[in-house]
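Notes to accompany the following structure.
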Amino acid sequence: MSAETAGATLEVAALTKTFGRHTVVNDVSFRLDGSRLLTLLGPSGSGKTTTMRRIAGFEEPSAGRVLVGGEDITRRPAHKRDIGVVFQQYALFPHLTVRRNVAYPLEMRRLPRREIERRVGEALALVRLEDFAERLPRQLSGGQQQRVALARAVVFKPRVLLMDEPLGALDKRLRETMQVEIRQLQQTLGITTLSVTHDQVEALVMSDLVAVMDGGMLQQIGTPRELYQRPANRFVADFLGASNILAGEIAADAAGRPSFRSTRGLVSPFDAGSRSVPDAGATALVVIRPEHVAIDPRPAAAAEGPGHPCVVSGVVYAGDVLWFRLRAEGGDEILAKTLAGADATECREGDRVVARWRREDCLLLPA
Amino acid sequence: MSAIDTLVRRHGLTTCLLLPPLVFLAAFFVVPLIEVVRGSFFAPDLTFDHYARMASEPLYLRVVSITLKIALLTVLLCVLLGYAAAYLIATASPRARQLLMLCVIVPFFLSTLIRNYIWMAILQRSGLLNHALRDLGLITEPLALMYNQTGVVVVMVNMLLPFTIFPILSSLLAISPDLYHASSSLGAGPIRTFCRVTLPMSLPGVVAGALLVFIVSLGFFITPALVGGQKEMMISNLIDFHIRQVLNWPFAFALANVLLCGTLVLYFLYARSVEGRLPRTAFP
Ligand SMILES: Nc1ncnc2c1ncn2[C@@H]1O[C@H](COP(=O)(O)OP(=O)(O)O)[C@@H](O)[C@H]1O
Ligand SMILES: [Mg+2]
């Protein structure tokens, strides 16, 4: 199997699903170009699975449309959609061998026996399961079942591939291997893919685009880099990676430039990104990533220009990195992450240090 | 320390819990069973006469073949109707499901005898069914619905339907809904999903139900006695006849042993066919 055709585009427009009076998916729209991988990322219960099921056609949306390759398939039954699905619990047919599981979609398409044999062989080779073809699903490990599910979902060259928490049931190490494997497979096949996860690392590692969902609504969609570096709101900033989020207001600094002042008095210049800078006095939120907080442990540091004098209130050693909890003079808590071996490595609880960050690392969020 | 404590400690809890039912079965089932087997061979010296008589007289072969025929017909109808009913229950909303289950269970509370009499009221020459059909103008002469095999099979199916409904229902309910979604996402419409997923996965329930019905049918007594005709005697009725009318107990024992052996053979065939080929539970 190879990328014979570029994958179809997937477009979801104003998708909404209500159960009774409960709106589970609320006006979700996005567009995914062919051969790209989009991950829907959100906490449990945010409506990811519901969104995916609408796209697969297992249940009808309450409102909105689903388009594949520009074609409206909103009312088309699932078995005519040509969309491959990898289920969270794999959903392999327990009474069929691995080979018969993978052959299933091809048999449904009434392909010639020869062709089926060839393509099943290729698909099994792709996930390195040739030697397990005659086993039943229950005779395989979780990781192997996962790969069978993947082979079965792509063997018929679907126009779109959907994966619901494909790695959720695997242990951490296997998950990391499979992230890379799935990504490679997806790129080799050039298949348009929508994946669902609540694991932010998985989303960042695997995706071309990440769409963050919360409470049934799309919070932000963008490349992993965009999302991490330019979170659109507090939820995204908080959900993706660790964050220092400070609440306060806009103030003017000595030179008359706008700056941020937290409710506890910490003052910092900020970067508004593409947003317009609010007027002085407006309430504001900023986010600072812990890895952008530099710690200067020298006693004399406070005298050397801008910085925030702090007391170290906690240290966590995590091998390659160290986490510091700092308390600024006004009482603001700031989390800092430092590579082991940096200047701050020897800091202890109670030490006086100076924390610094660059203006562009202090991002303004909508209040 | 009590005697029970000592027992449990020495032999393990499982053994101790098994002991009372085992003693009960030994006293009231195994001992009489041995007596039945012995009684058919020794009168008082060893003899195979009773078995030879069974094989040589066409009447008895006829009873056996009628018994098999009625049992098989009952199984067939129970499986077909039971599958349809189980499927309906399995796909109903939880609320409707409860109601339907109740409809299946409630007749069970009625005594078998009463149910047979009710059926007689329905099926007899001047019964409800014949009246209704005549009033509708569908027939002029009453149909013979009773005192023949038709009547026996109809009533037996009614009695035994739950024995197929419940095992089939439980194997249907054990199928994860995800499998249906998977099948349709892979390109199978509802009919092919049924043939390729639902049916094979519920087969253990079908086989279990069919076997249960068959075994119970072979020994069915009340229905053929009340609804059956003189010529449609089943093997249990024949046994009863020899015990109560002819008072030839050794021959009745021999008949009972043939029935028992047939049932056991069936059971082992079933156990072997199920072993290894079907998933141990519907879900691994
Ligand atoms: N069939 C249903 N009926 C009622 N509520 C449902 C149904 N399916 C899902 N929900 C609700 O919708 C919300 C989102 O569910 P889901 O899409 O599974 O979230 P996620 O996959 O992001 O964890 C949950 O609060 C869940 O309780
Ligand atoms: Mg989910």
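The values are calculated or read from the model by the stated rules, or taken from the named source; none is laboratory data. Just so you know, these numbers come straight off a predicted model, no measurement behind them. Note that each Cβ is placed from the backbone with ideal geometry, even for glycine, and that neighbours are counted across all protein chains shown. For the accessible areas, the whole protein counts, side chains as well, though only heavy atoms, and no ligand, DNA or RNA atoms are used. Shrake-Rupley method; radii C 1.70, N 1.55, O 1.52, S 1.80 Å.
Here are a few things to note about the model shown:
- Residue check, B:LEU199 of a type in the set (A, V, I, L, M) and within 11 Å of another protein chain (Cβ to nearest Cβ): yes
- Top-ranked residue of region A:89-98 - restricted to ones that are surrounded by fewer than 20 Cβ atoms within 10 Å (Cβ to Cβ) and more than 8 Å from chain B (Cβ to nearest Cβ), ranked as farthest from ligand 2 (Cβ to nearest atom): A:THR97
- Residues located in region A:110-136, provided they are more than 13 Å from every other protein chain (Cβ to nearest Cβ) and in a loop (DSSP other than H, G, I, E, B): A:PRO112, A:VAL127, A:ARG128, A:LEU129, A:ALA133, A:GLU134
- Residues of region A:188-209 that are of a type in the set (Asp, Glu) and within 15 Å of A:LYS48 (Cβ to Cβ): A:ASP199, A:GLU202.
- Taking residues in region A:224-249 that are more than 12 Å from A:ILE288 (Cβ to Cβ), and partners anywhere that are part of a helix (DSSP H, G or I) and open to solvent by less than 30 Å² (accessible area, probe 1.4 Å), the pairs with Cβ atoms closer than 6 Å and at least 6 places apart or on different chains are A:LEU240/A:LEU227.
- Complete set of residues in region B:55-77 that are of a type outside the set (A, V, I, L, M, F, W, C), modelled with pLDDT of 90 or more and open to solvent by less than 70 Å² (accessible area, probe 1.4 Å): B:SER65, B:THR67, B:THR74
- Identification of strands (runs of 3 or more DSSP E) wholly contained in region A:1-84 with 2 or more residues that are away from ligand 2 (no atom under 16 Å from the Cβ) and open to solvent by 60 Å² or more (accessible area, probe 1.4 Å) yields A:22-32.
- Enumeration of residues in region B:202-259 that are without any contact (Cβ under 8 Å) to a residue 24 or more places away in the chain and under 17 Å from B:ALA271 (Cα atoms): none
- Considering each residue of region A:91-98 in turn, at least one proves to be in contact with a Leu (Cβ under 9 Å, 6 or more places away or on another chain) and within 16 Å of ligand 1 (Cβ to nearest atom).
- Against the list (1) more than 14 Å from chain B (Cβ to nearest Cβ); (2) within 16 Å of ligand 2 (Cβ to nearest atom); (3) open to solvent by 10 Å² or more (accessible area, probe 1.4 Å), the condition A:ALA169 fails is (1).
- Screening B:ILE191 against (1) on the phi > 0 side of the Ramachandran plot; (2) open to solvent by 40 Å² or more (accessible area, probe 1.4 Å); (3) within 14 Å of another protein chain (Cβ to nearest Cβ) leaves a single unmet condition, (1).
- Meets criteria (over 24 Å from A:THR197 (Cβ atoms), surrounded by fewer than 22 Cβ atoms within 10 Å (Cβ to Cβ) and touching a Lys or Arg at 6+ places or on another chain (Cβ under 9 Å)) for A:GLU122: no
- Within region A:342-367, the set of residues being more than 11 Å from A:ASP271 (Cβ to Cβ), of a type outside the set (S, T, N, Q) and in a helix (DSSP H, G or I) comprises A:ASP343, A:ALA344, A:GLU346.
- Odd one out for A:ALA251 among (1) touching a Lys or Arg at 6+ places or on another chain (Cβ under 9 Å); (2) more than 17 Å from A:LEU364 (Cβ to Cβ); (3) modelled with pLDDT under 90: (2)
- Considering (1) within 11 Å of chain B (Cβ to nearest Cβ); (2) farther than 21 Å from A:THR188 by Cβ; (3) surrounded by 14 or more Cβ atoms within 10 Å (Cβ to Cβ); (4) not charged (D, E, K, R), the lone condition that A:GLN139 does not fulfil carries the number (3).
- Test: residue in region B:20-34 that is in a helix (DSSP H, G or I), open to solvent by 40 Å² or more (accessible area, probe 1.4 Å), in the same structural domain as B:GLY219 (by TED's automatic domain parsing) and free of Cβ contacts under 8 Å to residues at least 40 places away in the same chain: no
- Of all residues making up region A:187-218, the number that are surrounded by fewer than 24 Cβ atoms within 10 Å (Cβ to Cβ), over 16 Å from the mean Cα position of the chain (by Cα) and of a type in the set (S, T, N, Q): 2
- Checked against (1) surrounded by 14 or more Cβ atoms within 10 Å (Cβ to Cβ); (2) among the polar types (S, T, N, Q); (3) more than 30 Å from B:VAL213 (Cβ to Cβ), B:SER40 passes all but a single condition, namely (3).
- Among the candidates B:ALA84, B:ALA71, B:ALA121, residue that is in contact with a Phe, Trp or Tyr (Cβ under 8 Å, 6 or more places away or on another chain) and assigned by TED's automatic domain parsing to the domain that holds B:SER202: B:ALA71
- Listed conditions (1) part of a loop (DSSP other than H, G, I, E, B); (2) within 14 Å of chain B (Cβ to nearest Cβ); (3) not acidic (Asp, Glu) are all met by A:VAL102, apart from (1).
- The listed residue being surrounded by fewer than 21 Cβ atoms within 10 Å (Cβ to Cβ), more than 30 Å from B:ASP240 (Cα to Cα) and of a type outside the set (A, V, I, L, M), out of B:SER202, B:SER185, B:SER176: B:SER176
Here's the yes/no breakdown for (1) within 16 Å of ligand 1 (Cβ to nearest atom); (2) farther than 11 Å from A:VAL160 by Cβ; (3) without any contact (Cβ under 8 Å) to a residue 40 or more places away in the chain:
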site	(1), (2), (3)
A:VAL24	yes, yes, no
A:PHE30	yes, yes, no
A:ASP33	no, yes, no
A:ARG36	no, no, no
A:PRO43	yes, yes, no
A:GLY47	yes, yes, no
A:GLU60	yes, yes, yes
A:LEU67	no, no, no
A:ILE73	no, no, yes
